[in-house]
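Worksheet: the structure to be examined is printed underneath.
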């Protein structure tokens, strides 16, 4: 188990390194960053100046290593627009996005897992078809449109929920639903498939032959095995949601990392953009690593060998 | 309850399964009983309905299957009209079952100890410690060494033979009166098979249980059976005391089965081993006559009509289902070299 | 020891001789599968509408006329509503029906093109990884994991904002970002097929690698490929809509459905059709693509259905 963990850690580290390089190279996507910074009316001399001041005249590898070195010590550079260092802004806004992501995940799991279990217990019945219909419809609705519809009905027409900001927990309801429902179909299908497979397995037949009560068979024996891939998927999906929250945060004016990313993109605040991509990617990498570990931990066949 | 008392009584057990073409009569009108200390072997080829019979007894049939019987009692208690909750009280308690695939019959997520203690804790008011002690006792009884440390192991850490022993020990936790073993040794190595069978026989004697052993292997039957039931296409075609059925096979199908076994001393060198040509008939829809008629070399027009009932053989405790007289079929048996 | 199972021989039953051919079976499954039929029909309809847009659209989708702005659709109980503009007009007086029709072109074009680009990349990577295994597999896996770690929407937005947003920039950015599922699925499909005997036979005959891949492996993974293609096309369409919604996709005055939603959201309380109509169109398009994909999977390999 330890060897397994170390191997995965090694891979994760390499991936993180690669991603860091890709995030760094964002600055060169538009061509010469010195041009971008200098503006349209700049002269050759101005541009040269900027190059020297920001260090763009150094070889790219050196620039990357310099940036990476600072990043590892928590210094992501200075934001051109907010007049403060990037790191503090990011870590200021990060908790909001994490809260949003966690709520969205909780919503998705609370909806998807019971539906998946029920559908698996009664395959090809009305309930099953209902669950699959919910899944199909959920996958077809763009999240921003769903968010707008919710705002229209719940926020404006019936005035049940607040539509902007993060004043109270009520503010998180609609955004969480808008963000979370998109992964509900995948989780539900996986739960359903896993449960169906487990319910028809030999050890469930043994559990029934032992005379165990149905609830016990369902939870202790069936769900315990079927949920393993779902746990791993959830960890990964949490990572997706952290990265995909940009649209939802923008609509609901939630001051999280996504909204910050949006603002930085609009302003062309490159250091901020690079840092956000890197931070989100690293979160995702950590989450996949955690998912792998969870997978191994929950399955004694991997954990004890 | 004394030795020889009837534990299980089955009268006219049928299992029907709705299929696209109609109704599949998987098991038709089975009658048998099992007494304390007795081993009943149900023999037949794949698809003859023997596994379904065992599931029917435990009420573990697939949802679509329809079980009917005139009488199905365990220690006098009628199992047919029971609520599912009461049936669940009986399963694993007075009646236990051992399955064919030891590799997949235990839950990979929990330890052996947990799964064994669980069944006792479900049916009895005992403490965890008492359950643990009984688990150790039974593991040792089934021949597993270092029982205490085995309790903490997971199924994947044990071999197939060991897992099957654990299954047996687990089903004995509540001291059942009847054990149904559905092909318990089919998935194991030949050398292990003998050990497991011997183990079952010993345990049965010691705990004075009834044992229903389901198998397609005649060698197994010869070794352990007190009584034998031969099934074909959902029906009993021959039944009786084991020695009677083996030494004087009266039904053409049983004779065919025995022809397939080479017997040192009897079978001539270079002789062809018997085989039964043809395939099992479809059991969907209206069924008429003898199911074996298609493949029987002695078949006559009257074999395909009406319903053929079981009739007495040449001796007590020996019945068979055929239109032919017993002395006629015994002559066949002698011709074929199986009697 | 005697085994009763060894003693029977098999004769062909009437059933196996009279069974329907695989083609007939598939056709039967196809027409009986409601999802598949609906998805195909809807998608075909949208495709035709998009193709014949210049002939069908009643007005110029870009033609503004502030005198006729914000006319509600005909199902509204409003004196302004008229059959001349059946789906109403937007804040610039542009006919919504025409914009909807031309918007279909944009969604379909971007969805299809991005799907093809990502399909080529992902399939090439996946098949290579599945076929050659070993180091190639390791490298491809690493590339896939790296790509999966990058937040797609964010990177797409960033790149588009830096390069400039034309239609083809959006297509290429999306295409270069969403190939991961192609790679993963094609890799596992190839691995499954690779171990089969007819591949070994082809190799033993001395067929070149290209030939083995193209003639033995590809035909057997095409089913999965098509299913993933539908998923990713839907994915690309949603992403483009999101990008356009945020203002970094298709630029005004082009009638991208995502953009139409964005333009309408400020007015949605009083003029809800501005977001309702394009949103529903997106929903129907994506739904039909998904149903089509599910249907193909069910029809060609029902055993894979979950």
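Report the normalised scattering of the range B:252-336 as log10 I(q)/I(0) at q = 0.19 Å⁻¹, calculated by the Debye formula with identical scatterers on the alpha carbons. Debye output, listed in q order: -0.97. Computed on the Cα atoms alone, the convex hull of the range B:6-225 gives a volume of 128 cubic angstrom per residue. Separation of the range B:296-339 and the range B:20-99, taken as the distance between their Cα centroids, equals 27 angstrom. Under 10 Å, Cα contacts only: if you run a Gaussian network model on chain A, which one of A:283, A:130, A:146 comes out with the highest mean-square fluctuation? Fluctuation is largest for A:130.
As an exercise, use a Förster radius of 25 Å and the Cβ-Cβ distance of residue A:91 and residue C:166 to find the FRET efficiency, rounded to the nearest 0.05. FRET efficiency, residue A:91 to residue C:166: 0.10.
Each 10 Å bin from zero holds the following percent of Cα-Cα pairs in chain C: 6, 21, 25, 21, 14, 7, 4, 2, 0, 0. Among C:84, A:290, sorting on how many other beta-carbon atoms sit within 10 Å of each Cβ, with the fewest leading, yields C:84, A:290. If you take the beta carbon distance between residue B:194 and residue B:334 as r and set R0 to 35 Å, what does 1/(1 + (r/R0)^6) give as a FRET efficiency, to the nearest 0.05? Calculated transfer efficiency: 0.65.
Each principal axis of the range A:201-283 carries a Cα extent, and these read 66, 25, 13 Å when sorted largest first. With a ≥ b ≥ c taken as the square roots of the eigenvalues of the C-alpha gyration tensor of chain A, please select rounded if a/c is under 1.5 and otherwise prolate if a/b is larger than b/c or oblate if it is not? Oblate is the answer for chain A, as a/c is 1.5 or above yet b/c matches or exceeds a/b. Cα centroids of the range C:139-175 and the range A:193-244: 35 Å apart. Which one of B:33, B:46, B:149 has the biggest mean-square fluctuation once chain B is modelled by GNM with Cα springs under 10 Å? Maximum fluctuation in the GNM of chain B, among the listed residues, is at B:149. Sorting B:307, B:318 by the number of Cβ atoms found within 10 Å of their own Cβ, with the fewest placed first, yields B:307, B:318.
Above 16 Å lies some portion of the pair distances; for the range A:193-237, what is it as a whole percent of all C-alpha pairs? Tail of the P(r) past 16 Å holds 36 percent of the pairs.
Where the alpha-carbon atoms of the protein assembly as shown are placed on the principal axes, they occupy 117, 67, 65 Å, in descending order.
Extension gain, residue B:63 to residue B:137: 0.36 nm times the residue separation minus the Cα-Cα distance gives 23.0 nm. Result for chain C in a Gaussian network model with C-alpha springs under 10 Å: among C:279, C:111, C:249, the largest mean-square fluctuation is at C:279. For a label point 7 angstrom out from the Cα of residue A:2 toward its Cβ, which stretches of the range A:253-295 have the backbone nitrogen within less than 19 Å? Residues A:293-294 qualify, since their backbone N sits under 19 Å from the label point. Here the label points at residue A:294 and residue C:138, each 7 Å from Cα along the C-beta direction, are separated by 2.9 nm in the simple model. Label-to-label distance, residue A:301 versus residue C:65, with points set 7 angstrom from Cα along the beta-carbon direction: 7.0 nm.
As a proxy for reagent exposure, C:157, C:291 were ordered by neighbouring Cβ count within 10 angstrom, fewest first; the result is C:291, C:157.
Using C-alpha pairs below 8 Å separated by at least 6 residues, the relative contact order for chain B is 20 percent. In chain C, Cα pairs under 8 Å separated by at least six residues give a relative contact order of 22 percent.
Each label point is 7 Å from the Cα along the Cα-to-Cβ direction; what then is the distance between the points at residue B:156 and residue B:81, in nm? Modelled inter-label distance: 4.9 nm.
Using the Cβ-Cβ distance between residue B:46 and residue C:116 with R0 set to 60 Å, the FRET efficiency works out to roughly 0.75.
Distance distribution P(r), the range B:95-185, all Cα-Cα pairs, bin width 10 angstrom from 0: 18, 55, 26, 1 percent.
Each reported figure results from applying straightforward, stated rules to the coordinates on display, with no laboratory input. As the structure is a computational prediction, the values presented were derived from the model and not from experiment. Here the Cβ is made from the backbone with ideal geometry for all residues, glycine too, and neighbour counts use every protein chain on show.
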